[in-house]
Each structure stands twice: as structure tokens, then as C-alpha cells.
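Right, one structure below, let's go through it.
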Amino acid sequence: MTRTTPAGTPLGDDFHVYDTTLRDGAQREGISYSVADKLAVARMLDDLGVGFIEGGWPGALPKDTEFFAKAAVEALKQ
């Protein structure tokens with residue numbers, strides 16, 4: 001059996017986790033993450049070793065735009 005590696009995937013990695021908590025999880029009725037909440041969850045996921053975190057869609061919502069702006073200038077780990 002052969003494995004096809006997606007473009008840009010680091011060689012040697014056997015398993016990748018893609019988390020959508022901050023996007024899909026935020027669409028549930030009664031859920032409203034603040035920017036601080038999203039950064040805190042992203043830090044926790046990063047600490048767990050999650051390699052890909054779906055944070056929303058910048059430009060779609062002001063909170064998502066702010067989240068990406070802050071995540072871009074500050075490391076997730078404090």
C-alpha cells in the first residue's frame with residue numbers, strides 16, 4: 001500500500017489532527033466565543049499538539065478578523 005502525501009505536509013509525519021472547534025463548534029445555538037476565548041482554546045489545542053486549528057473565517061465576522069490579527073502577532077503559547 002502506498003500513501004499520497006498532500007502538498008506542504010512535512011515528510012515523516014504519520015498522523016495529523018485538524019480541529020474545527022473554533023469554527024464548527026461556535027455555530028451551535030447558545031455558543032458565543034469571545035476573541036479571548038478563541039485564543040485560550042487555540043493555546044490549549046496547541047499545547048495538546050494539534051497541528052491544524054480552524055479558527056473561523058477572517059472577514060466574515062469582526063471577532064474572527066480580530067482573532068486572526070491577534071493570533072498572527074502573538075504566539076499562542078504564553
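Observations on the structure shown:
- Which listed residue is outside any loop (DSSP other than H, G, I, E, B) and at pLDDT below 90, from 37, 46: 46
- Options 21, 65; residue that is part of a helix (DSSP H, G or I) and among the polar types (S, T, N, Q): 65
- Just so you know, in region 67-78 the residues that are open to solvent by 80 Å² or more (accessible area, probe 1.4 Å) and of a type outside the set (Lys, Arg) include one that is modelled with the lowest pLDDT, and it is 78.
The values are calculated or read from the model by the stated rules, or taken from the named source; none is laboratory data. Fair warning: this is a prediction, and the values are worked out from it, not measured in the lab. In case anyone asks, the SASA skips ligands and DNA or RNA and just uses the protein heavy atoms, side chains included. Shrake-Rupley method; radii C 1.70, N 1.55, O 1.52, S 1.80 Å.
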